[in-house]
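The values are calculated or read from the model by the stated rules, or taken from the named source; none is laboratory data. None of these values were measured; they are calculated from a predicted model. Every residue, glycine as well, gets a Cβ built from its backbone with ideal geometry; the counts of neighbours run over all protein chains shown. The area values use the complete protein model at the heavy-atom level, side chains included, leaving out ligands, DNA and RNA. Shrake-Rupley method; radii C 1.70, N 1.55, O 1.52, S 1.80 Å.
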Amino acid sequence: PDLEVLKKAAGVRAAALVESGMRVGLGTGSTAKYAIEEIGRRLGAGELSGVVGVATSEASDALARAVGIPVEPLDPRPLDLAIDGADEITPGLDLIKGLGGALLREKLTEVQARRLVIIADHTKLVTRLGEKAPLPVEIARFGFLSTIERLRALGLGGRLRQPGAQPYLTDNGNYIFDAQLPEQFDPAELGDRIKGTLGVVETGLFLGMAERAFVAAPDGVRKLTP
Ligand code: DER
């Protein structure tokens with residue numbers, strides 16, 4: 001089946017974990033879209049009630065509203081569950097996220113979730129981080145060229161995300177530097193070094209955060225745990 005069918009299968013599987021009365025973090029991207037739509041369907045069918053969503057992007061906020069999920073801003077209360085996609089998933093469920101540009105609001109939201117459930121098709125599976133995706137790094141717009149120089153001084157290759165005539169702007173008004181990861185690296189150590197670089201807002205390394213992942217392959221949806 002094509003990848004969209006697989007993404008939907010993973011999304012529906014995760015959405016089945018939502019129970020009435022839950023506060024749910026709603027992820028961003030083409031896979032999370034299916035989970036959001038399914039939660040909306042379940043609410044509309046009367047299978048669920050009293051669910052509140054906290055969206056990780058303007059796009060997911062709009063989609064949630066469109067499918068009938070009441071949304072509220074993130075506040076210090078814990079979320080019962082968060083459902084989101086990823087760009088890379090290791091066997092230990094360390095993740096690279098951010099190719100959809102939502103990494104800052106995703107991380108701010110998902111660290112407050114009691115359970116972070118990742119949904120993906122099998123193409124996201126890697127044996128180690130950096131195999132398939134760059135590492136998105138959200139950087140302040142002001143002085144971004146200086147920040148990029150500081151990142152290069154760490155030995156990181158990469159480039160400013162600029163799909164068109166202007167650099168990509170996140171929902172937070174920041175830019176993204178897509179960093180090329182070295183062959184071998186310690187994700188926690190490198191993540192801390194990048195995060196500690198002046199001008200860096202956040203990285204797309206989500207280490208040790210996911211409780212489980214539903215990964216859809218042609219032979220079915222597998223549940224992975226760390
Ligand atoms: O930007 C993000 O972190 C998204 O979760 C993204 O990385 C996954 O998007 P996809 O499901 O469209 O591949």
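A few points about this structure:
- Using alpha-carbon coordinates, inclination of helix 3-15 to the longest axis of the chain, degrees: 60
- At an R0 of 35 angstrom, the distance between the Cβ atoms of Arg128 and Gln166 translates into a FRET efficiency of 0.55.
- Label-point separation in nm, Thr225 to Gln184, each point 7 Å along Cα→Cβ: 3.3
- Only Lys, Arg (+1) and Asp, Glu (-1) charged, at Cβ; the chain dipole about Cα centre in debye: 40
- Fraction of antiparallel bridges per DSSP, the chain only, in percent to nearest 5: 55
- Unit charges on C-beta of K, R, D, E only; dipole of the range 19-70, Debye: 40
- Label-to-label distance, Leu17 versus Ser49, with points set 7 angstrom from Cα along the beta-carbon direction: 2.5 nm.
- The range 1-90 - charge dipole about Cα centre, Lys and Arg +1 at Cβ, Asp and Glu -1, debye rounded to 20: 240
- Solvent-accessible area per residue, Å², over the range 185-226 with all protein chains present [probe radius 1.4 Å]: 47
- In the range 1-83, the portion of solvent-accessible area held by carbon and sulfur atoms comes to 56 percent [1.4 Å probe, whole percent, DNA, RNA and ligands not counted].
- In Hz, Karplus ³J(HN,Hα) per residue of the range 23-32 (6.51, -1.76, 1.60; θ = phi - 60°; x = Gly, Pro): 9, 10, x, 9, x, 10, x, 6, 8, 4
- In this simple spin-label approximation, Val71 and Arg115 carry label points 7 Å from Cα along the Cα→Cβ vector, and these lie 2.4 nm apart.
- For Glu88, the residues 5 or more places off, or on other chains, whose built amide H falls under 5 Å of its own are Ile96.
- In the range 1-83, taking the dipole from charged Cβ atoms about the Cα centre, the farthest positive-side position among Pro76, Tyr34, Val5 is held by Val5.
- Of the GluC sites (Glu not before Pro) found in the range 18-126, those in coil by DSSP whose Cβ has at most 15 other Cβ atoms within 10 Å are Glu19, Glu47.
- Looking at the range 34-141, the accessible area is 37 square angstrom per residue; that uses a 1.4 Å probe and ignores ligands, DNA and RNA.
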